[in-house]
Each structure stands twice: as structure tokens, then as C-alpha cells.
Amino acid sequence: PISGNGNGLAVKKNLAVKAAASGQAKTLAEMQDKWESFTFAPIRESQVSRAMTRRYFADLDAYAESDIVIIGAGSCGLSAAYMLGKQRPDLKIAIIEAGVAPGGGAWLGGQLFSAMVMRKPADAFLNDLGVPFEDEGDFVVVKHAALFTSTLLSRVLAFPNIKLFNATAVEDLITRPAPTPTDPHAVRIAGVVTNWTLVSMHHDDQSCMDPNTINAPLVISTTGHDGPFGAFSVKRLVSMQQIEKLGGMRGLDMRSAEDAIVKRTREVVTGLVVGGMELSEVDGANRMGPTFGAMVLSGVKAAEEALSVWGA
Ligand code: AHZ
């Protein structure tokens, strides 16, 4: 409804009439060569505002209780989301991505080159996704990393049960006591604490900017290796004394790094599955540099681990 202009009803009626008159869908061919008489369907600014905010706040409301939260929408997080969306349309899955642009480091291959290399058998993921590649024997090459990332992203965003909150940072983890016989101070992870990233970046020079929260029985953290934003959850696990210390990512060794990351993808603390390069910081694993097979297969395994924990 249009209101707040002192003449709400009249405007509403007027717009409804115009919308009915021009509302028929046109094909692009019908528009061609008729640009002199071209006009868009009518609109009022408040309609645009409400179209966006109503949906965003309805999503915040709906996903305040999520089934699974994925932190980070890089190649690993998006791969996990894709597998979960495909297998479990009944689950509510929120992805929290600190950047405005989801995709993490997967928009380019390496050193700003376009092509993206994936070692076999990660080509199975590309086949599932429908991304074409050149076969080089033991590895495959996607002609542009952006083709991989944009395809994966579009498939993930099309799932009705997945909501991506980008430009939103996870600032902390929600915990509940879960003492064990050997550790009376153990906790389980029960959700995430969020804030708009621009707000998160200004806690030092602005005050009173409390965060928001999402409850979820299972969190998958894929925030990448340490950096301005990376390795977020595992660093927090150390400061809250749930793991003793981080192993620290080791130097580059393509030959061992990829197997290690996939094999070690697991529930690190109850309720928190860690995948992708964030794991290299926990276990002291090598980095692999510009080969992305381990990222997608770690995502596949993280989804599998999450579902087994979630269903347990
Ligand atoms: O913005 C981050 C990125 O998109 C996001 N992120 C980090 N901290 C966050 C937080 N809240 C919300 N606190 C956060 N989002 O997480 C995403 C991580 O993506 P990535 O591409 O950096 O990590 P990945 O593990 O999916 O892929 C790693 C790719 C690499 S790094 C590497 C090497 O250095 O050797 N090799 C490969 C293949």
C-alpha cells in the first residue's frame, strides 16, 4: 500500500490503473526499433524501498532461527551450501559473508590470472555444476575462475531455502555449556553473532553498536586462512579456551596440502564444522596456492559432516 503522502488512496488508484495499462510483459524483440515511444512501467520511490526492506527484514526474522549457518562465501563455503541446498530443501541455511562481493579468493586463478586449476577428482564437482573445463590429464582448467564462481553462486542463490546475508560479518560465536568428563568448561556452538561489516569495522571509533544474532544448532566455518578477516572462528575458539592453540598455516606444498585439507574437514568443536583454508590454521597444514580442488571437495565433505551431526 502507498501511504504517507497525504493523498495515498488517489495515488494508489492512479498507479494501479497505470500498472494495469502497461503491465503486460513485452519481449525484447517487441521493444526493438520502438525506442521513441518507449517507457518503463510506473513506480514510486517508496515502492522500491518497501520491496527491498520488507523482504530483508522478513529474511532476518525467518533466519534468526536457522538450521545451519555457513560463515564465509568463498569457494569452500559456497560448495558446502550448494551440496546442502541440493540435498536438504527442508533445512533453513543462512550464509554470512563479510564482503559485499561473495566468492572470496575464487574470482581469479592465481596472481590475478584468469584460469582456474582443479586437480582430479574435483572435476566431478564441475560436472555436477555444469561448468565446462579443459582436461589436462591429472587436472582440469576452467577458462575463467569467474565462470566457476558465478555459476556456483547463481545455483546457490536460486535455492529457496538458502539466504545469503552479504556485507555482514560474524563477530562472535554463540555458545552453550556442554561439559564433558575430561573438560568441565567445554561448550557447544549454538549460533553466530553478526553485524553489518561496515559497523564491525568501526567499533574502535564509534560506540553503542551492539550486534545481532542467529541461533543454529550447526555452524560451518569457512573463513579462509589468517588475514584481516580470515580464520575467524578458530581464532575465537583459542581465545575462549576451546582449543589450546593454532597450528599455524605452513608453507606451500601443493602435493600434500590438498589431500590434508579434505581429510581434516570435520567438526572441530561440538556444533562447529570447519572447512577450506581456515583448517590449515587449526592443524598447521600446508597451503596449496592456486589449485581449488581441495576447496570444493572440503565443501562437499563439510556438508556431509554437517548433515551427519545435524541429523544425530
Ligand atoms: O570475506 C571472507 C571470504 O569471502 C569471508 N569471511 C572471513 N571472515 C568472515 C567473518 N564473517 C563473515 N568473520 C567472513 N565472513 O570468508 C570468505 C573466505 O573465502 P576464501 O576464499 O578466503 O577461503 P576458502 O577457504 O573458501 O578458499 C581459500 C582459497 C585458497 S587460499 C590458498 C593459499 O593461500 O594457498 N589457496 C586457495 C585455493
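For ALA158 and SER256 in one chain, what is 0.36 nm times their gap in residues minus the Cα-Cα distance, to one decimal in nm? It would help to have the intermediate numbers written out before the result.
Working: separation 98, 0.36 × 98 = 35.28 nm, distance 3.50 nm.
Difference between extended and current length: 31.8 nm.
Taking Cα atoms, how many degrees apart are the long axis of helix 254-264 and the longest axis of the chain, rounded to 10 and kept between 0 and 90?
Helix 254-264 and the main axis of the chain meet at about 80 degrees.
Please work out whether the stretch 252-312 counts as rounded, prolate or oblate from its C-alpha gyration tensor, where a ≥ b ≥ c are the square roots of the eigenvalues and a/c under 1.5 means rounded, while otherwise a/b larger than b/c means prolate and anything else oblate?
Working: a/c = 3.09, a/b = 1.86, b/c = 1.66.
Prolate is the answer for the stretch 252-312, as a/c is 1.5 or above and a/b outweighs b/c.
For a quick check: with amide H placed at 1.01 Å from N, whose amide H comes under 5 Å from ASN286's, ignoring anything fewer than 5 positions away on the same chain?
ARG250
So if each residue of separation counts as 0.36 nm, and I subtract the Cα-Cα distance between ASN212 and LEU60, what length gain in nm does that give?
Computed gain between ASN212 and LEU60 is 53.7 nm.
How far, in degrees from 0 to 90, does helix 45-63 lean away from the longest principal axis of the Cα atoms of the chain, to the nearest 10?
30 degrees
Taking +1 at the Cβ of each Lys and Arg and -1 at the Cβ of each Asp and Glu, which of THR270, ALA257, ALA303 sits farthest along the dipole of the stretch 240-312 towards its positive end, judged by Cα position relative to the Cα centre?
Farthest along the dipole direction, towards plus: ALA257.
How far apart, in nm, are two points set 7 Å out from the Cα along the Cα-to-Cβ line at LYS263 and at ALA51?
Going from the LYS263 label point to the ALA51 one covers 5.3 nm.
Cut-off under 19 Å on the C-alpha distance; same-chain residues fewer than 8 positions from LYS143 excluded. Which aspartates and glutamates are left, in chain and number order?
ASP123, ASP128, GLU134, ASP135
Give me the log10 of I(q) over I(0) for the stretch 106-213 at q = 0.21, 0.22 Å⁻¹, as the Debye formula computes it from C-alpha points; what are the numbers?
-1.02, -1.06
Which order do the peptides 71-79, 25-33 come out in when sorted by mean C-beta neighbours inside 10 angstrom, highest first?
71-79, 25-33
Quickly rank 143-151, 181-189 as a protection proxy: mean count of other C-beta atoms within 10 Å, highest first. Walk me through the numbers before you get to the answer.
On the way: 143-151: 18.9, 181-189: 13.6.
In descending order of packing, they fall as 143-151, 181-189.
Would you mind calculating the gained length between ALA186 and ALA41 on full extension (0.36 nm times residue separation, minus the Cα-Cα distance), in nm to one decimal?
Values: separation 145, 0.36 × 145 = 52.20 nm, distance 5.85 nm.
Difference between extended and current length: 46.3 nm.
Report, in degrees rounded to the nearest 10, the 0 to 90 angle that the Cα long axis of helix 145-158 makes with the longest principal axis of the chain.
70 degrees
In the chain, what % of DSSP beta bridges are antiparallel (nearest 5)? Could the numbers behind the result be given before it?
Details: 22 of 42 bridges.
Counting only bridges with both partners in the chain, antiparallel ones make up about 50 percent.
If packing is taken as the mean number of other Cβ atoms within 10 Å per residue, what is the order of 97-109, 58-70, highest first?
Details: 97-109: 20.0, 58-70: 18.2.
So the peptides 97-109, 58-70, ranked by packing, come out 97-109, 58-70.
For the chain, treating each Cα as an identical point scatterer without solvent, what Debye log10 I(q)/I(0) comes out at q = 0.15 1/Å?
Debye curve over Cα of the chain, log10 I(q)/I(0) at q = 0.15 Å⁻¹: -1.15.
Just so you know, all these numbers are worked out from the coordinates, no wet-lab data involved. These numbers were taken from a predicted model, which means no experiment stands behind them. All Cβ positions, glycine included, derive from the backbone under ideal geometry; neighbour counts span all protein chains shown.
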